[in-house]
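Quick notes on the structure that follows.
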Amino acid sequence: MVPQEIMDEMRRIGRMLESRGLILSARSGNISMRSGNRIFIKRSGAMMGYLRDEDIVEAEISDENPEGASVEYKVHRAIYLNTDFKAVIHAHTPYAIVESMAGKDIEPIDAEGRYYFQKIPVLDVKKAISSDEVVEKIPSVIEKYGVAVVRAHGTFAAAMNLEDAFSRITEVESACMIRYLCRKGGSECSTG
Ligand SMILES: [Zn+2]
């Protein structure tokens, strides 16, 4: 049984992820929360903007492959096993995906972006979805930066609660959108 306050918070954040355009395809992305030794995570294929009670899967942190859980469960679990974070969001944030295509860490060029990030780390891995390479690499990166973008796939953010993880997702997308628009707008966009 998923506690009501966890259900409510996952539903609230899921709605915001969709309404803000932080996921574009309705069933993509995943969110999770850790409470003690339990992980609550979005069901694979559930609609992010319309999470029903049955769309949250409850697992023991010792579970390697709980039935029905998001295909990125193993990445969420690796973050919980190796850091103190209590909430993880993964979203197919369009501008961060575009800016990650070069496979290099992303340097924000605007004041807010630079305030939050010296750089936004990009994981350039062979397999981007449900990836053992991401499982291996992401904990140390996300512990240091709070975020990581998997090249050509999407952003992961982790925090002590779901709202702060959501905030990090928006901060990454804001910095990446401004970089992109600045280039396309023909302005002088110096990162120096
Ligand atoms: Zn994904």
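For Ile56, the residues whose amide H sits under 5 Å from its own are Arg43, ignoring neighbours fewer than 5 places away on the same chain, with H placed 1.01 Å from N. Measure off, as a whole percent, the carbon and sulfur share of the 1.4 Å-probe accessible area of the stretch 4-185, all protein chains present. The C+S portion of the solvent-accessible surface of the stretch 4-185 is 47 percent. Residues in the stretch 140-156 carry Karplus couplings, in order, of 5, 5, 6, 5, 7, 9, x, 9, 7, 9, 7, 3, 6, 10, x, 9, 10 Hz; the curve used is 6.51 cos²θ - 1.76 cosθ + 1.60 with θ = phi - 60°, and Gly or Pro positions show x. Unpaired cysteine residues in the chain (no second Cys Cβ under 4.7 Å): Cys176. Less than 15 Å Cβ to Cβ from Leu81, Lys/Arg counted +1 and Asp/Glu -1: what total charge do the surrounding residues give? Spelling it out: positives minus negatives among the neighbours equals -2.
Only Cα pairs under 8 Å and 6+ residues apart enter the sum, and on that basis the relative contact order of the chain stands at 22 percent.
Protein-only accessible surface at a 1.4 angstrom probe places the residues Cys176, Cys189, Cys182 in the order Cys189, Cys182, Cys176, largest first. The trypsin sites (Lys or Arg not before Pro) found in the stretch 1-73 that occupy coil by DSSP, while having at most 11 further C-beta atoms within 10 Å, are Arg52.
Which value, in debye to the nearest 20, describes the size of the charge dipole of the chain about its Cα centre when Lys and Arg Cβ atoms bear +1, Asp and Glu Cβ atoms bear -1, and nothing else is charged? The dipole of the chain has a size of about 500 debye.
The values are calculated or read from the model by the stated rules, or taken from the named source; none is laboratory data. Not measured: the values here are computed from a predicted model. With ideal geometry, Cβ positions are generated from the backbone for all residues, glycine too; neighbour counts draw on all protein chains shown. Quick note on the areas: whole protein, heavy atoms, side chains included, nothing else; ligands and nucleic acids left out. Shrake-Rupley method; radii C 1.70, N 1.55, O 1.52, S 1.80 Å.
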